[in-house]
1. Calculated FRET efficiency, T154 and Q105, Cβ-Cβ r, R0 30 Å, to nearest 0.05?
2. How large is ³J(HN,Hα), in whole Hz, for each residue of the range 65-70 in order, when computed from phi with the Karplus curve 6.51 cos²θ - 1.76 cosθ + 1.60 and θ = phi - 60°, using x for Gly and Pro?
3. Specify whether the C-alpha gyration tensor of the range 42-171 places it in the rounded, prolate or oblate class, a ≥ b ≥ c being the square roots of the eigenvalues: rounded for a/c under 1.5, otherwise prolate if a/b is larger than b/c and oblate if not.
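Just so it is clear, none of the values below were taken in a lab; they were calculated from the coordinates. Everything numeric in this text was worked out from a predicted model, so none of it was measured. Cβ sites come from the backbone with ideal geometry, for glycine too, and all protein chains shown count toward neighbours.
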Amino acid sequence: MTPVLPVLPALPVLPVLPALPVLPSYDAPQGSLVPPHRRVTVSGQSAGASMAIQHLIAFSSSVDGAAIAAGSPYGCGMQKLHDWRCYYGGLDMEAAERYVRKRFQQGLVDDPSHLRQVPVVLFSGRRDLVVFTRVMRAVEQQLRRFVAPERILTSYDTRASHVWSVDHGSE
């Protein structure tokens, strides 16, 4: 007898996000470790997203774009109660901005002004119980202090949990 396979429901249609403009060819600053005309983007989910944010801030002069899903803001671990705040929210955004600027003044990260025209995509699902959406909103708040608002694209209204979502659907 031939086994009968169950009929799976159709996946929901993904919303079409507006395309970000194509950037001109990148010319590395004098003395940069990045070869000229090389495009560098960073992306990650969860701890990978937090690492992508670290790279985005630290090497902002050589990053052409970022996609962040369920990560924590730059310098999150330096805040009081960071074990809680880096996953569930309640970060001190003034302290986060000061931390970025302090690291720049110490020569430990690139000038955050390089972030102004870097396109950034931020994603968090409503069902994420590992890194709450309000933490990704804090990432957005932190980046809006350095990145032009029209260069930030967000998606926080899906039913996705703690995933790098490709078929999350929407309601």
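1. Result of the calculation: an efficiency of 0.55.
2. Working through the residues one at a time gives x, 8, 10, 10, 10, 6 Hz.
3. Judged from the Cα gyration tensor, the range 42-171 comes out oblate (a/c at least 1.5, b/c at or above a/b).
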